[in-house]
Every structure is written in C-alpha cells, then in structure tokens.
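First up is the structure itself, then whatever we jot down about it.
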Amino acid sequence: MFDPLLEELHNGILQRGGQSLILPEGIGTCMSLKGNCVVRNWLWDVSGFRRWRVTHLDAGNQLQVLNSVAYPEYNNDQPLLGIDLLWFGVAKKLVAVLDFQPLVQDPAYIERHLSGLKKLRDRFPELSSDVEMRSYDPNKYFSPCLLFFKGGVNEAVQSLPLAFNSFVSCYWELHDLAIRNPSIISSAEVKDLQIAYDIYSAKKDPAHGIFSSYFGKEWADRFLTEFLFPFSIANDTSNMSDECSGGV
C-alpha cells in the first residue's frame, strides 16, 4: 500500500546526498514469529540532520505501516519530521498522521516554523480532522497544523499520495529556510529537547504493543530503545538478540 510513498521519501533523501547506515544485528530486517509479517528499517545519514529513520511494516491485508522521524542537527531548532501511516486492509481503513513536530509550543516558534504546514492543511481539508489522542498529550510535540485523517480506499490511493508528496516537499523547504536563518533556541537546549522527545515518546508509543505481538517482547524492547528512541536510555548493545537477521 505505501511502497510508492516509501520510494518517494527515500528518493528525496538520496537526492540530498543521504547514505543508508548499517543497523545493529537484527534491527534492519526482521520476520515475525509466525512468518506473517516483515519489518524493514533504514537509518539515513543526511546533511543537516542528526538522525533520520524510516520503518516499513508489511503484514499483508492485516496491517501496513510507514513511519519516519527526522531529527535536525542541534544547531537547527526546526521541528522534527513526523510521519505515521497505517492501513488496515481487511477493514479498508486508513489512518494518516503527518506533522512538523515542534520542540516547544511557544507561539513565536510555531509562527516561525509552521506557516508552510498551515497552508498545506488549508489545501487538504480532508486531512484536517480533529485528533483524539489516546496515548499522547496533543499539546506536547504535536503542532496545531497537524495533518490527520481517517479514511478508506479512495483516500488512500487518491488524496494521501498528493498530500504526502506535498508534505515532504514542504519540510525540505522549511529545512532550507531554517539552515539559512539563525536558530532562536541554543544548540544545547535543542539537544535537551530532542532527548526529552525520545524519553516521552518511548513511554507513550502505542506501536510497542504491535511490534511485540508480531516479533516478541524482547525484539520490540530492543527496537524501541536501539532504533526508534535511542536517547530514551543509554544504548547498550551487549544484550542483542539473534532472533532475527540483520542488514539494511
């Protein structure tokens, strides 16, 4: 379902000179315990970004997931890129979350970084539904311009691809603008805020339960702390499992 969007995202990174990094053993690719699901992960070295990760989960008609978070370098206080797309094939249900995740909720910060996303939200009203946050505080790391949508097949194959490509392009434009203008937040504070984001997200992320059900709790715990949110705890590779094959 999300293969074209994944390709679009990766092509944009490659055009910026991005290089795929080697991941810890067992994290790059993993087959589920029952053999009915595979997850593939990429970690990109991209100029201007401290870390850019991408995850694609394929469980056939049961579930398809595309997730990505990009962390700018500490000398750039722009929001994090946040992409979370889920397709439930049996129910034919799409859930799409696209956001520039702000480091702070200060109105001046929001105005400085999110005018492009606001225009995009106005352009795609079907992706501007009110969000019911069950796991997260909507006032923490989510912007008021968040693109959120629940839909079906038509939206998944028509509205979403256009909105997704426009969203990614908008983030690249924001990045190009941000690196030309001095950040208001200091590098030290940006680092602390990114660490706080990982700590908060690791505690709240509902995906841990999904990954545990497919790949086992041991692998899901590693995935959470070694790949998704490595700043949430000290990265200790001494207890790596051989449960899945590695590589990217």
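The values are calculated or read from the model by the stated rules, or taken from the named source; none is laboratory data. Nothing here was measured: the structure is a model prediction, and the numbers come from that model. No Cβ is skipped: glycine too gets one built from the backbone with ideal geometry, and neighbour counts run over all protein chains shown.
When we screen Asp205, Asp192, Asp198 for residues that are closer than 29 Å to Lys217 by Cα and in contact with a Phe, Trp or Tyr (Cβ under 7 Å, 6 or more places away or on another chain), the only hit is Asp198.
Taking the criterion of being assigned to a loop (DSSP other than H, G, I, E, B), among the polar types (S, T, N, Q) and modelled with pLDDT under 95, would at least one residue in the range 216-235 satisfy it? The answer is yes, given that some residue of the range 216-235 is assigned to a loop (DSSP other than H, G, I, E, B), among the polar types (S, T, N, Q) and modelled with pLDDT under 95. As a summary of the residue check, Val95 satisfies the conditions (1) farther than 29 Å from Val190 by Cα; (2) assigned to a loop (DSSP other than H, G, I, E, B); (3) of a type outside the set (Asp, Glu); (4) in contact with a Lys or Arg (Cβ under 8 Å, 6 or more places away or on another chain) except for the one numbered (2). Taking the conditions (1) outside any loop (DSSP other than H, G, I, E, B); (2) surrounded by fewer than 20 Cβ atoms within 10 Å (Cβ to Cβ); (3) over 18 Å from the mean Cα position of the chain (by Cα); (4) of a type outside the set (D, E, K, R) in turn, Cys30 satisfies each one other than (2). Scan the range 45-83 residue by residue and report those that are touching a residue at least 40 places away in the same chain (Cβ under 8 Å), surrounded by fewer than 22 Cβ atoms within 10 Å (Cβ to Cβ) and assigned to a loop (DSSP other than H, G, I, E, B). Matches in the range 45-83: Gly48, Ala59, Leu63, Tyr74, Asn75, Asn76. State all residues of the range 164-188 that are of a type in the set (A, V, I, L, M), part of a helix (DSSP H, G or I) and either under 16 Å from the mean Cα position of the chain (by Cα) or surrounded by fewer than 17 Cβ atoms within 10 Å (Cβ to Cβ) (or both); if no residue qualifies, say none. Those that are of a type in the set (A, V, I, L, M), part of a helix (DSSP H, G or I) and either under 16 Å from the mean Cα position of the chain (by Cα) or surrounded by fewer than 17 Cβ atoms within 10 Å (Cβ to Cβ) (or both): Val168, Leu177, Ala188. Leu86 meets the stated requirement of being more than 24 Å from Phe231 (Cβ to Cβ), among the aliphatic types (A, V, I, L, M) and either out of contact with any Phe, Trp or Tyr (no Cβ under 6 Å at 6 or more places or on another chain) or assigned to a loop (DSSP other than H, G, I, E, B) (or both).
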